[in-house]
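Asker: This is the structure, below, for whatever I ask next.
Derivation of every value follows stated rules applied to the coordinates shown; laboratory data play no part. Note that the coordinates shown come from a computational prediction; the quantities given were computed from them, not determined experimentally. No Cβ is skipped: glycine too gets one built from the backbone with ideal geometry, and neighbour counts run over all protein chains shown.
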Amino acid sequence: DAGVIQSPRHEVTEMGQEVTLRCKPISGHDYLFWYRQTMMRGLELLIYFNNNVPIDDSGMPEDRFSAKMPNASFSTLKIQPSEPRDSAVYFCASSSSTSNEQFFGPGTRLTVL
Amino acid sequence: KQEVTQIPAALSVPEGENLVLNCSFTDSAIYNLQWFRQDPGKGLTSLLLIQSSQREQTSGRLNASLDKSSGRSTLYIAASQPGDSATYLCARTNYGGSQGNLIFGKGTKLSVKP
């Protein structure tokens, strides 16, 4: 298995632009998580899905952030409009309900100018 | 507020030394405890997962233990090597669900000198 796949790996955009981050979880995993990592706050959960249904989105900072999971093999995290304070590394992770172990993708480094 | 604390924030040791990384959490309502490794500019690599009913897990030179009553977990690395240099993060999930939010510590940055 290729592991969790994220794209793009790096994204540089200007304030006010829309940003879409993509994730493909490990095949067969029924949980998908979006995290954000910054120097100040460390790693924080944004939202997670179970069987494509959002379960907990309490970590989503504000209405500018939205996430979807249209099928078991794809999820997106969208920021519209983006702001400089959104600059961070965004990680996607997946896990199986049979093992509870979360596996992380390589992350997307987002820079908003 | 549930918190995960890792002390020290940074650690430098000579090659070959055995070492212990510490992780503490504020309440005992913990379900799972997972240790990760993060190399600079990279994602997280899962090292060990201790499930709710377990007290420790071992993988090669790594051993992780979990003591819910004291609110502590330790990661023991035997015979450290320069390749072990990385940031080590511990994370917990909450009781009440087999999945869910991983709450992370800020990590311990380990440097193993040749």
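Asker: Ranked highest first by the average count of other Cβ atoms within 10 Å around their residues, in what order do A:57-63, A:98-104, B:66-72 fall?
Answerer: Working: A:57-63: 12.1, A:98-104: 18.0, B:66-72: 14.7.
Top to bottom by mean Cβ count within 10 Å: A:98-104, B:66-72, A:57-63.
Asker: Which three semi-axes in whole Å describe the equivalent ellipsoid of the stretch A:66-113, each the square root of 5 times a Cα gyration tensor eigenvalue, listed largest first? Mind dumping the intermediate values first?
Answerer: On the way: eigenvalues 126, 38, 10 Å².
Each semi-axis is √(5λ); the values are 25, 14, 7 Å.
Asker: Which residue fluctuates most in the GNM of chain A (Cα springs below 10 Å): A:Val12, A:Val89, A:Val53?
Answerer: A:Val12
Asker: With Kirkwood's inverse mean 1/r over C-alpha pairs for Rh, give me the Rg to Rh ratio of the stretch B:33-114, two decimals please.
Answerer: Numbers: Rg = 13.1 Å, Rh = 13.5 Å.
Ratio value, two decimals: 0.97.
Asker: Lysine pairs, Cα distance under 22 Å, 8 or more residues apart or cross-chain: how many in chain B?
Answerer: Summing the qualifying lysine pairs gives 6.
Asker: Taking each pair of different alpha-carbon atoms in the protein assembly as shown once, compute 1/r for the pair, average those values, and report the inverse of that mean as the Kirkwood hydrodynamic radius in Å to one decimal. It would help to have the intermediate numbers written out before the result.
Answerer: On the way: mean 1/r = 0.0553 Å⁻¹.
After inverting the pairwise mean of 1/r, the radius is 18.1 Å.
Asker: What value does chain A have for Rg/Rh, both radii from Cα atoms and Rh as Kirkwood defines it? Walk me through the intermediate numbers first.
Answerer: Values: Rg = 13.2 Å, Rh = 13.9 Å.
Radius of gyration relative to Kirkwood radius: 0.95.
Asker: On average, how much area does the Cα convex hull of the stretch B:1-62 cover when viewed from any direction, in nm²?
Answerer: Orientation-averaged projected area of the Cα hull: 5.7 nm².
Asker: What FRET efficiency would be calculated for the residue pair A:His10, B:Ile7, taking the C-beta separation as r and a Förster radius of 30 Å, to the nearest 0.05?
Answerer: Step by step, r from the Cβ atoms, then E = 0.40.
Asker: Would you list, by chain and number, the lysines whose Cα falls below 19 Å from the Cα of A:Lys68, excluding same-chain residues fewer than 8 positions away?
Answerer: Cα-Cα hits under 19 Å: A:Lys24, A:Lys78.
Asker: OK, next. Looking only at A:Arg22, A:Arg64, A:Arg36, which one moves most when chain A is put into a Gaussian network model with springs between Cα atoms under 10 Å?
Answerer: A:Arg64
Asker: Express in nm, to one decimal, how much length is gained between A:Leu113 and A:Ser66 on full extension, taking 0.36 nm for each residue of separation and deducting their alpha carbon distance.
Answerer: Going from the current span to full extension adds 14.9 nm.
Asker: Could you state, as a whole-number percent, how many of the C-alpha pairs of the stretch A:1-64 are farther apart than 17 Å?
Answerer: 54
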